[in-house]
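Contents: one structure, followed by commentary.
The values are calculated or read from the model by the stated rules, or taken from the named source; none is laboratory data. No experiment lies behind these values; they were computed from the predicted model shown. Positions of Cβ are generated from backbone atoms using ideal geometry, with glycine treated the same way; all protein chains shown enter the neighbour counts.
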Amino acid sequence: MGSLCVMRPGFWSSFGNPALLSENSSLLAGVNYENRFNICELGTRTIGLTIPARSSSLGIIYSHFGYSDFRRSSIGLSCGMPLSENFSAGARVDYFFENTSGDYDNSQSVTCEAGIFFRPNENINIGIHIFNPVPNSLRKRIMPSSLRAGAGIKLSKVLFAGAEAEMTTARKIIIRTGFEYEPGKNLFLRAGFSSENTSFTFGLGYRLKVVMIDLGFATHEKLGITSAASLVFRIK
Amino acid sequence: MLAHVPGPGFIYYMCGIMLKACFISCFTLITVLCFAQNIDLSEEITDIAEHLAASETGNESAGLYIEQLHDLAEVPVRINSADESEISRFFFLSDFQVKNIIDYIKTSGSIVSSGEIAYIPGIDRHTAEMMIPFTDLSVSPAGNSDSLRLRSNYLTNFIFRPGESDTSFIGGSFKLLTKYRITLGRFSGGFAIEKDDGEKLFDFLSGYLDYTGQGIIRKVIAGDYSCRFGQGLCINTGIRTGLPLTIADYSTARNVIKPYTSTNENNFFRGLAAQFAWKITGLTIFFSSNNIDAAVSLPADSSMTTVEGFYESGLHNTESLLHKKDVMREISYGVSPTLSFRNLKIGFCWTESRFSLPVSPDKNDPENLYDFEGNLNSVLSAYYNLVIGRMLLCGEAALNGHENYAIAQGITIRPSDRLSMNFLYRKYTPGYFSFHGYGPGINSAGNNETGLLGSFTLEAAKHLFVSAGADIVKFPWLKYRTGYPSMAKRIEVKFSYLPDENLSLDLTFNIRYSMLDREPVQGIPGVEEIKNSWVKAQVKYQLNERLSLATRIDFRKIEPSESTGVSFLQDVTFSFTKIPLKFWFRYCTYNTDDWDSRIYAYENDLPGSFSIPALSGTGTRSYLMARWQLGKRAELRLKYGITSVFHYGISEETDELRLQFRIWF
């Protein structure tokens, strides 16, 4: 779906916008592997867990990128809760750790992010997310901040479309758009576009009882294709 | 020059200042009895000011709009009075709209709900939404028992940047503003005290006493006041702004004298003004004697001290700037008689300004060839305002003693309630000077401009408004950074979709062409045409009474330099139900190639103050403002803003703290 995640409830997107955690009512666990441009050193491995707790929900995620000479890991602990019937908010605390071989220093930092999600009516979703709104004077190394906002609409029972904008400090604004179509029961087709590197994305998903299987592909105008696969288990 | 670590001495100093502010507050508290109304309108004020100043290049006019709107918020317009001078306080309405409101009330009776305003012919929904926050629907006439109660309103703003001080400053590194207004029936009075960053206490003092009547004597003001007659070519010390391209109507010929409550230290009168009316005749007279700032030249032979130029920023925070303060006395006086018929108003204005020192600009610079010279300037003008059916004609012609002239002629046509069209022609010769005049135009000097503007506003479909305008201007003589006669073009298109009262979507395209000197490699500089394109998209959503959100994206591109700027911001406003606390939060990230592609981001701010930072470079800007309501008669506001700029991998941060204490009786 063009990497849309700020307004579309789902297991992985709830880690993109913690407010979406409030939409999760099940105990879910997931694993994901993303490979950039068929280079194994540029792989990202992620595991996540969402735990419902009364009306709110908790999320834990661990992500690892890189190879033996350069590794970047992150751990996030998030919480999302509904504040009213059609409005929810969430926050997350992140810990980043970067390990480089040789004489380079390792670095670590802590930051936070927050998001909101609301439905003006039953067909429209709106999400807003801020990452790292912390002044850089409070840390040793500069960490970029970002702001994302997006809206999605349920065009029919089987079709959802959305668009979002993201801007990260010192970078250009990125516009993403995409849709998800459900052609048959438990089968999902997805496509999208991102203005970053003029990237087109395609994906499909299939729900098999308690397991959701997803595959995704994204093009890069020069470097090739990024592929990703994930499994999400409904434990309870 | 900048030191970033405040010492304990600085903290003691700040405490001393705060104690002084508290002392003033307590002094005011024990001198006056209380009555009050107070509604928080800071968001509406920011939105409306931004809309009105959308096509302005700087933030000066927006600041003026904000001040005027705060004045309206403090004393809302009693719309059911059906009095022209009262309804004309909605400065963004045209005479056409004012007349329609009066006709509506006289034929249909009092307006009983704010929603009814949008049904008045000539008032579209957008204009109605601008009016509603500042409208008092009460039908009680002025002078009844309620208005005879003593009312007063006092505020103190305190602004400083922690950790920053400039050693060249002659005063403390903070800004202080105190305003006080008292009203008793037809009488009112007030004062304003201001100290800018680095100035001595108190650099600017202003005050007034005002009487408003309904007989022959309509208004008398002693002290500081502002005036406007007709289109403002001869006298306009009120709003001096450019021409917005996408508003429904332009303010037209209207005579206003009113107390001066702003903190602009230059463009106002100090003395006495009175307005009289008898049947269809009206007369306004004024006299002013005021010291003004200027840069003085002392010739080597000491033959005569002359003024090289006027100094208008109002900032006196260094020794050299302090030497420019109040160096020259200006005496101005004038008279404006009017005749008002049912659909026609005719008026004349004559004014003269005398300076204690002669003005002698450097005429060796060709740009200054037409600049004012001497110590006496007089201007005579005639203006009119004519309504013919659904058409409004208005114009003014002015001539000054140096045989230079200015003409402005406008027409507004409303073929239907859903469509409004405006055309405005103006010609101001390069040598035309009126020191307190400013007609509709885009050149800040108020002269050297010939232009034609056309615009329309259309309710294209239910909830969908389209407005567009174009303005073509020629500058027959040289101007700042342009060493040739030049021209400019402005084009703007705006779409507003307002599906319900909680949601609004705006999309604005603005293109501006201008001509500037090209940096010369050798010899005479050439001329370069600059194209400045701006796209703005904004969504506002009010989720419920406690929470509202606004998202906005700005994109700007300058050609031929190909410099671009983009900003993305999110506003969240939240108020608690059980405790009297309200929060405004903004997070904005921006990225511009250089200063030319900077982006202005209007911010909610303290009443009586404004903040429109120019975002340039790469970084973030965020602020948090909190308002604590202290009972029914006081409030405390605190705003903390921080700007981070990334430069060669280093983040430089500047922060600012603003504090306001406000009471109303």
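For the reader, a short list of remarks on this structure follows.
- Qualifying residue in the stretch B:335-356 (condition: in contact (Cβ under 8 Å) with a residue 12 or more places away in the chain, hydroxyl-bearing (Ser, Thr, Tyr) and in a loop (DSSP other than H, G, I, E, B)): no
- Yes/no for B:Leu155 being under 25 Å from B:Tyr211 (Cα atoms), in a strand (DSSP E or B) and modelled with pLDDT under 85: yes
- Only one entry of A:Arg139, A:Arg148 meets the criterion of being closer than 24 Å to B:Arg586 by Cα and over 20 Å from the mean Cα position of the chain (by Cα), and that entry is A:Arg139.
- B:Lys540 fulfils the conditions (1) within 25 Å of the chain's Cα centre (by Cα); (2) surrounded by fewer than 20 Cβ atoms within 10 Å (Cβ to Cβ); (3) modelled with pLDDT of 90 or more except for a single criterion, (3).
- Checking the stated criteria, B:Ala277 turns out to be closer than 15 Å to B:Ser85 by Cβ, modelled with pLDDT of 90 or more and of a type outside the set (Val, Ile, Thr).
- Once the stretch A:130-147 is narrowed to residues that are closer than 26 Å to B:Tyr541 by Cα and facing chain B (nearest Cβ under 9 Å), the residue that is surrounded by the fewest Cβ atoms within 10 Å (Cβ to Cβ) is A:Pro133.
- Cβ pairs under 6 Å, 6+ apart, first in the stretch B:547-574 and within 12 Å of chain A (Cβ to nearest Cβ) and free of Cβ contacts under 8 Å to residues at least 40 places away in the same chain, second crowded, with 21+ Cβ neighbours inside 10 Å and not in a strand (DSSP E or B): B:Thr564/B:Ser597
Condition check ((1) in contact with a Gly (Cβ under 6 Å, 6 or more places away or on another chain); (2) aliphatic (A, V, I, L, M)) across all residues:
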| site | (1), (2) |
| --- | --- |
| B:Thr318 | no, no |
| B:His323 | no, no |
| B:Met328 | no, yes |
| B:Ser332 | no, no |
| B:Thr338 | yes, no |
| B:Asn364 | no, no |
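- Within the stretch B:202-216, restricting attention to residues that are surrounded by 14 or more Cβ atoms within 10 Å (Cβ to Cβ) and touching a residue at least 40 places away in the same chain (Cβ under 8 Å), the residue that is farthest from B:Gly190 (Cα to Cα) is B:Gln214.
- For the stretch A:120-129, taking the residues that are surrounded by fewer than 19 Cβ atoms within 10 Å (Cβ to Cβ) and out of contact with any Lys or Arg (no Cβ under 7 Å at 6 or more places or on another chain), the one that is nearest to the other protein chains (Cβ to nearest Cβ) is identified as A:Pro120.
- For the stretch B:214-223, the criterion of being among the aliphatic types (A, V, I, L, M) and modelled with pLDDT under 90 is met by none of the residues.
- Residue match in the stretch A:138-146 (condition: in a strand (DSSP E or B) and either out of contact with any Gly (no Cβ under 7 Å at 6 or more places or on another chain) or within 24 Å of A:Ala218 (Cβ to Cβ) (or both)): yes
- The combined condition, being under 22 Å from the mean Cα position of the chain (by Cα), touching a residue at least 40 places away in the same chain (Cβ under 8 Å) and surrounded by fewer than 18 Cβ atoms within 10 Å (Cβ to Cβ), is not fulfilled by B:Phe229.
- In the stretch A:148-181, the qualifying residues are those that are under 25 Å from A:Phe87 (Cβ atoms) and facing another protein chain (nearest Cβ under 7 Å), and the one that is surrounded by the fewest Cβ atoms within 10 Å (Cβ to Cβ) is A:Ala165.
- Residue match in the stretch B:625-640 (condition: at pLDDT 85 or above, farther than 25 Å from B:Ala192 by Cα and not in a loop (DSSP other than H, G, I, E, B)): no
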